[in-house]
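One structure is given below, encoded as structure tokens.
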Amino acid sequence: MDYHFSDRVSKLKPSAIREILKHTSNPEVIPFAAGNPAADAFPKETIEKISSEILNSDPIGALQYSITEGYSPLRELLKKELAVKNCFIKGRDNLIITSGAQQANELASKVLCSDGDTLICESPSFIGSLNAFKSYNVNLVGIELEDDGINIEKLEIAIKSNKNVKLLYLIPNFQNPTGNTMSLEKRKAVYELASKYDFIILEDNPYGDLRFRGEDIPPIKSFDTEGRVIYSRTFSKILAPGLRVGYVSAPSEIISKMIVCKQVADVHTNIWAQQICFKFMEKVDIESHLSSIRKIYKSKYELMEEGIRNHFSDKVKVTEPEGGLFIWATLPDSIDMMTFCKKAVEEYKVAVVPGNAFTISENDRTNSFRMNFSTPSDDQIVLGCEILGKLTKE
């Protein structure tokens, strides 16, 4: 039978990058290509205890259908937490629980962008969000990412030269894939542009709690006086990604549309998982928990940074993130990045993610690759940097 797919998905194709990433299932391959939180960062015993309490005290409440907006006690607690940081304004904003931050970003593009509307993002950017945006037939425009965030001058040029700019997607803290953090000056500048040219900012902040050095920078949402910032967060990096619990703070009119769209997608996010998140925040010293996670990532980052410094060719330039999970490495222009990445995984058994996995088009020119320090063990980090270092010196 000849199948005719919708215009929305007919142009979506499997990534050629998968030919490299499929090797990561080999246990002999050192996994610098992953993006998973560290296994020892999961509070397994606490989650087990909380889950048992929930199923003993209110099993039907955890297993029955619930409301799309999310588990009410969790929503109210998150509103209070965000209000302290000026990221939830009572009377203007509302909050919805989503199935991870990925769904939050997908819902934002779904409710705000029509076919052909312009959505601007950093380039490179998170592949999961890029694919979600592409599925809605938007005019996706990527703007060069600098060490301190998106290039403001090029951003304004893109705004002026593209029609119907609806959304600007940003990951200001420890950006995926580069690890870069947007400066306070640029956060204010992008908000000023949003006010000047009348579009919405989608601020994705999955890694904000994973700062292991430097000073916190206020979210863009915190100086939103006009209701033009959608603020997306998740429990995936601080609790467990398998729970699939994220949340969005945004103006009430936007949240209302997200609720309707979520109802036709999955009815509601797993209530049992939401109750676990609520009980965890209620019972556990969150700051102590976050402090222990930050120590894990700080140690792993420093181990990888030391390995890079000791073994990599000095012609390879790497970012120095202040938090998060990733390092962005750039090869000399004379070296073909895809050939390097294929050789690394096939012959040297070290997997990294090719940089064009994160560009607007896989054909976009980049000579960088992403390295993850949270997933591999400490021994794998030491060995992997030594092995990969040999390849950089060939």
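Numbers for the structure displayed
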read-out: Residue list for segment 367-390, filter: surrounded by fewer than 16 Cβ atoms within 10 Å (Cβ to Cβ) and among the basic types (Lys, Arg); value: 390
read-out: Subset of segment 62-77 [assigned to a loop (DSSP other than H, G, I, E, B) and among the hydrophobic types (A, V, I, L, M, F, W, C)]; value: 67
read-out: All strands (runs of 3 or more DSSP E) inside segment 78-148 with 1 or more residues being over 14 Å from residue 255 (Cα atoms) and touching a Ser or Thr at 6+ places or on another chain (Cβ under 7 Å); value: 118-123, 139-146
read-out: Only listed residue being within 18 Å of residue 386 (Cβ to Cβ) and assigned to a helix (DSSP H, G or I), chosen from 329, 344; value: 344
read-out: Residue in segment 150-168 that is nearest to the chain's Cα centre (by Cα), counting only those that are closer than 16 Å to residue 113 by Cα and not in a helix (DSSP H, G or I); value: 168
read-out: Total residues in segment 169-221, condition at negative phi, surrounded by fewer than 22 Cβ atoms within 10 Å (Cβ to Cβ) and part of a loop (DSSP other than H, G, I, E, B); value: 9
read-out: Any hit, segment 147-158, residues being in contact with an Asp or Glu (Cβ under 6 Å, 6 or more places away or on another chain) and of a type outside the set (A, V, I, L, M); value: yes
read-out: Segment 178-194 residues that are under 12 Å from residue 148 (Cα atoms) and among the aliphatic types (A, V, I, L, M), paired with ones that are assigned to a loop (DSSP other than H, G, I, E, B) and open to solvent by less than 20 Å² (accessible area, probe 1.4 Å) (beta carbon under 8 Å, 6 or more apart); value: 182/172; 182/173; 182/175
read-out: Any hit, segment 293-304, residues being within 20 Å of residue 100 (Cα to Cα) and either out of contact with any Ser or Thr (no Cβ under 6 Å at 6 or more places or on another chain) or aromatic (Phe, Trp, Tyr) (or both); value: yes
read-out: Considering residues of segment 99-120 that are closer than 9 Å to residue 202 by Cβ and not aliphatic (A, V, I, L, M) only, the residue surrounded by the most Cβ atoms within 10 Å (Cβ to Cβ); value: 105
read-out: Subset of segment 222-277 that is of a type in the set (Val, Ile, Thr) and within 16 Å of residue 173 (Cβ to Cβ) - its residue that is most open to solvent (accessible area, probe 1.4 Å); value: 238
read-out: Of residues in segment 356-388 being hydroxyl-bearing (Ser, Thr, Tyr) and in a loop (DSSP other than H, G, I, E, B), the one farthest from residue 300 (Cα to Cα); value: 361
read-out: In segment 281-325, the residues that are within 16 Å of residue 352 (Cα to Cα) and among the hydrophobic types (A, V, I, L, M, F, W, C); value: 304, 308, 312, 316, 318, 325
read-out: Options 247, 231, 191: the member that is farther than 30 Å from residue 289 by Cα, in contact with a helix residue (DSSP H, G or I) (Cβ under 6 Å, 6 or more places away or on another chain) and modelled with pLDDT of 95 or more; value: 191
read-out: Filter result for the condition that a residue is at pLDDT 95 or above and at negative phi, over 94, 86, 131, 105; value: 94
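Condition check ((1) aromatic (Phe, Trp, Tyr); (2) more than 27 Å from residue 325 (Cβ to Cβ); (3) in contact (Cβ under 8 Å) with a residue 40 or more places away in the chain) across all residues:
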residue: 108; (1), (2), (3): no, no, yes
residue: 119; (1), (2), (3): no, no, yes
residue: 125; (1), (2), (3): no, no, yes
residue: 134; (1), (2), (3): no, no, yes
residue: 144; (1), (2), (3): no, no, no
residue: 148; (1), (2), (3): no, no, no
residue: 155; (1), (2), (3): no, no, no
residue: 163; (1), (2), (3): no, yes, yes
residue: 175; (1), (2), (3): no, no, yes
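Residues checked against (1) open to solvent by 40 Å² or more (accessible area, probe 1.4 Å); (2) closer than 27 Å to residue 237 by Cα; (3) in contact with a Phe, Trp or Tyr (Cβ under 8 Å, 6 or more places away or on another chain):
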residue	(1), (2), (3)
282	yes, yes, no
294	yes, yes, yes
310	yes, no, no
336	yes, no, no
350	no, yes, yes
365	yes, no, no
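The values are calculated or read from the model by the stated rules, or taken from the named source; none is laboratory data. Note that the coordinates shown come from a computational prediction; the quantities given were computed from them, not determined experimentally. Cβ coordinates were reconstructed from backbone atoms using ideal geometry, including for glycine residues, and neighbour counts include every protein chain displayed. These area figures cover heavy atoms from the full protein model, side chains too; ligands, DNA and RNA do not enter into them. Shrake-Rupley method; radii C 1.70, N 1.55, O 1.52, S 1.80 Å.
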